[in-house]
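The values are calculated or read from the model by the stated rules, or taken from the named source; none is laboratory data. Just so you know, these numbers come straight off a predicted model, no measurement behind them. Cβ placement follows ideal geometry from the backbone for every residue including glycine, while neighbour counts extend to all protein chains displayed.
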Amino acid sequence: MEIIAKISKGSNMDQIYIPKIRYGLNVGEYVIIKPLKEEKPIERLYFRNINNIEPMKLEIIKEIIKIIDKNIENENIIITGSFLDKGFNFNDIDIIVITAEIGKKEKNIDNIKEKIIEKINIGSHILILNNKILLDGLSKDPLYLLMLSRCISKKRFIYKIKKRVNYKLLDLHLLKSKILINNFDFLNGDEKYYSLRNMIAISFFLENKKINKNSIEKEIKRIFSLDINKIKQNLINKQDFIKKYKLIYNGVYKKILSGIKNDTKQKQIN
Amino acid sequence: MTQNRNKLIDIFIGNLTNSVVHTILEKAVKEDKDYLADKYRKEFITSLEIAKRYRDKINPANIPLPEKDISFIKEKIIRKVKAELRIRISRGYQEINLNEIDKEVNEALKKTHIS
């Protein structure tokens, strides 16, 4: 005799309700309770541009994958962001869930976030995407390229994309970096770093340069003669920094505007 | 003190201008609507968020500003937004709707409790 039942939450103890009218499983008998779906152990993970990671972080990633697998049917789970940097100086874990069921399962995100906090006590930022949006983003958004240039995933993923420069979109993204020019004193080190990184990534994208964390940080160091940690710790000389920042911003902005102009001309010819 | 208030209003105007320009440009790239809705740029503090913080420092903080201030701020933002968008239009950017400016500025002023 087997019965499938759901565990429900109780005040002191959780419980499983089973129908009163049944064959066997009498009151007072001892029974075995086990999950309906056998948990498959995660056999291996796939690493992209990661040479070294703390074993503890790998365990955390495996636990996160287990939690997500239980809650969302997915094609892949990708862990990215500062969690993968050396050490434990991260705020939260960036997770991308690739699923065909985008839109339907958005409500599950809060549930997953809660479970991750319950299990490992770390906050998470979860993005639910389908393959189409992911590939679309990778073809035209420098920050997508940056995000996936270094990651760990549940399954191997190979993306071959045709780069498409959408100047209007880049214009919109660059606008986010404009904040730093007028609000230097107001922003903290991390916010300054993200504005800077965004601007350099857009510039690299326009110049067909390889986009990854190392290449961008190398460029920031080269232009500003500044250590990345100093930027993040907000230890920057305003005058010197803003002067160079404005120069680069205006250069990238001009390139985008000429791109828009050329695109319009092209459309008119066509 | 007045000078300080004027400076705060100036920075507030700059941020709200950026926010309105962003909203209007976002509407102009309709074909990328799905992709833009991905909310993955979580690290970025938005111009509207900064504007709200500056607003809290401008007196009176808890009630709408006097009518004279509102019209001064509104006019200045509209002028700045138009200038920003016209630069783009002059380069051939086609889907920008200048008629949206007034509505968007009014909404932004409400969101920041200016009006």
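A few remarks follow.
- Any hit, region A:174-191, residues being polar (S, T, N, Q) and exposed (fewer than 14 other Cβ atoms within 10 Å of the Cβ): yes
- Number of the exception - A:Ile228 against (1) touching a helix residue (DSSP H, G or I) at 6+ places or on another chain (Cβ under 6 Å); (2) closer than 13 Å to B:Arg91 by Cβ: (2)
Conditions tested, residue by residue: (1) among the polar types (S, T, N, Q); (2) surrounded by 15 or more Cβ atoms within 10 Å (Cβ to Cβ); (3) outside any helix (DSSP H, G or I).
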site	(1), (2), (3)
A:Gly10	no, no, yes
A:Val27	no, no, yes
A:Ile53	no, yes, yes
A:Lys57	no, yes, no
A:Glu73	no, no, yes
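- Consider region A:199-214 and keep the residues that are assigned to a helix (DSSP H, G or I) and modelled with pLDDT of 95 or more. The one that is surrounded by the fewest Cβ atoms within 10 Å (Cβ to Cβ) is A:Leu206.
- Residue pairs meeting the criteria (Cβ under 8 Å; at least 6 apart or on separate chains; first under 22 Å from A:Ile50 (Cα atoms) and in the same structural domain as A:Ile202 (by TED's automatic domain parsing), in region A:214-243; second part of a loop (DSSP other than H, G, I, E, B) and aliphatic (A, V, I, L, M)): A:Ile220/A:Leu226
- As a summary of the residue check, A:Tyr167 satisfies the conditions (1) within 22 Å of the chain's Cα centre (by Cα); (2) within 12 Å of another protein chain (Cβ to nearest Cβ); (3) among the aromatic types (Phe, Trp, Tyr) except for the one numbered (1).
- Residue check, A:Lys221 touching an Asp or Glu at 6+ places or on another chain (Cβ under 8 Å) and assigned to a helix (DSSP H, G or I): yes
Conditions (1) modelled with pLDDT of 90 or more; (2) surrounded by fewer than 16 Cβ atoms within 10 Å (Cβ to Cβ); (3) in contact with a Leu (Cβ under 9 Å, 6 or more places away or on another chain), marked per residue:
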{"position": "A:Phe83", "(1), (2), (3)": "yes, no, no"}
{"position": "A:Lys113", "(1), (2), (3)": "yes, no, no"}
{"position": "A:Asn121", "(1), (2), (3)": "yes, yes, no"}
{"position": "A:Asn130", "(1), (2), (3)": "no, no, no"}
{"position": "A:Gly137", "(1), (2), (3)": "no, no, yes"}
{"position": "A:Ile158", "(1), (2), (3)": "no, yes, no"}
{"position": "A:Val165", "(1), (2), (3)": "yes, yes, yes"}
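- Search result, residues across region A:233-254 that are under 21 Å from A:Pro142 (Cβ atoms) and surrounded by 17 or more Cβ atoms within 10 Å (Cβ to Cβ): A:Tyr245, A:Ile248, A:Tyr249, A:Val252, A:Tyr253
- Residue in region A:108-152 that is farthest from A:Glu63 (Cα to Cα), counting only those that are in contact with a strand residue (DSSP E or B) (Cβ under 9 Å, 6 or more places away or on another chain) and hydroxyl-bearing (Ser, Thr, Tyr): A:Ser149
- Within region A:179-201, residues that are within 10 Å of another protein chain (Cβ to nearest Cβ) and in contact (Cβ under 8 Å) with a residue 12 or more places away in the chain have Cβ atoms under 6 Å from residues that are polar (S, T, N, Q) and outside any helix (DSSP H, G or I) in these pairs: A:Asn188/A:Asn234, counting only partners at least 6 apart in sequence or on another chain.
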